[in-house]
1. Using modelled amide H (1.01 Å from N, peptide plane; none on Pro or chain starts), what sits under 5 Å from the amide H of R116, excluding residues fewer than 5 places away?
2. Using θ = phi - 60° and the Karplus relation 6.51 cos²θ - 1.76 cosθ + 1.60, list the HN-Hα couplings for the range 7-19 in order, rounded to whole Hz, with x at every Gly or Pro.
3. Please work out the FRET efficiency for the pair N114 and H179, using the Cβ-Cβ distance as r and a Förster radius of 22 Å; give the result to the nearest 0.05.
4. Per DSSP H run of at least 4 residues, take -39500 (n - 2.57); add these up for the chain, divide by its residues and hand me the 222 nm value, nearest 500 deg cm²/dmol.
5. Which residue, A138, L150, Y185, has the largest displacement toward the positive end of the dipole of the range 65-192 when charges sit on each Cβ (Lys, Arg +1; Asp, Glu -1)?
6. Among rounded, prolate and oblate, which fits the range 35-115 when a ≥ b ≥ c are the square roots of the eigenvalues of its C-alpha gyration tensor, a/c under 1.5 means rounded, and a/b larger than b/c means prolate?
7. Using the Karplus equation 6.51 cos²θ - 1.76 cosθ + 1.60 (θ = phi - 60°), what ³J(HN,Hα) coupling, rounded to whole Hz, does each residue of the range 138-149 give in order, writing x for Gly and Pro?
8. Rounded to the nearest 0.05, what FRET efficiency do A97 and E66 give with R0 = 22 Å and r taken as the Cβ-Cβ distance? Could you check?
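The values are calculated or read from the model by the stated rules, or taken from the named source; none is laboratory data. Quantities reported herein were computed from a predicted structural model and do not represent experimental measurements. No Cβ is skipped: glycine too gets one built from the backbone with ideal geometry, and neighbour counts run over all protein chains shown. Only protein heavy atoms, including side chains, enter the accessible area calculation; ligands, DNA and RNA are left aside. Shrake-Rupley method; radii C 1.70, N 1.55, O 1.52, S 1.80 Å.
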Amino acid sequence: MKSRGKQERSRQTIRTILNAAILVLIDEGFEGATTNKIANRAGYSIGTLYQYFEDKEDIYGRIIDEALQKLIESTSRVEPQPTLIETLRCWLELVMASLDQDPARIQALLTLLNGRYRDKRQAMYDDLVASTVVLLEANRDVIVVKNLELAAGIILGATSGLAANEIASLLKSPEMVEHVLRLQYAYLTFDG
């Protein structure tokens, strides 16, 4: 069992290695990434890297687990609000706060989630859909979409698509948030 960093210095070393691994992933892709490249980018010896991680799969698995856990925790904190638009706003703000705002990093992680770590993506997606359905159900009186599970999936897909397509930084702007909210609200309530 590798050390998982119980002391502050160990936690900092792990964080530096994980950050370096993301940069290597962006530059080289998963196939081009090696533990040597990650250690070099982090400024540590390969021996130090192996004190904490078994191999590159262990490193990238940890990165994916942390990112997904952060996203799941953020959506599970959302409470239904008095109106659907307020619920959607709260949901969107927490989801966007949990996402890395660097589109290149998001793209690199999505590549892993769509490939090698697809099983982790599916488990995360199921959790996110379930927590989003609970929120939508609380506002069922104004939602015209019949299948709330499908609606939750569409909302999640649209939000992650926006985050991954070079405009993640814009999602922090109040104007962009309002546009995304209008899109979600119209989809859920339009009866035309």
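1. Close amide H contacts, sequence-distant or interchain: none at all.
2. The phi angles translate into 9, 4, 4, 5, 4, 5, 4, 4, 4, 4, 5, 5, 5 Hz.
3. Computed FRET efficiency for N114 and H179: 0.25.
4. So the calculated ellipticity at 222 nm is -24500 deg cm²/dmol.
5. L150
6. Note, shape of the range 35-115 comes out prolate.
7. Result, rounded to whole Hz: 5, 10, 4, 5, 10, 8, 9, 5, 6, 8, 5, 5.
8. 0.90
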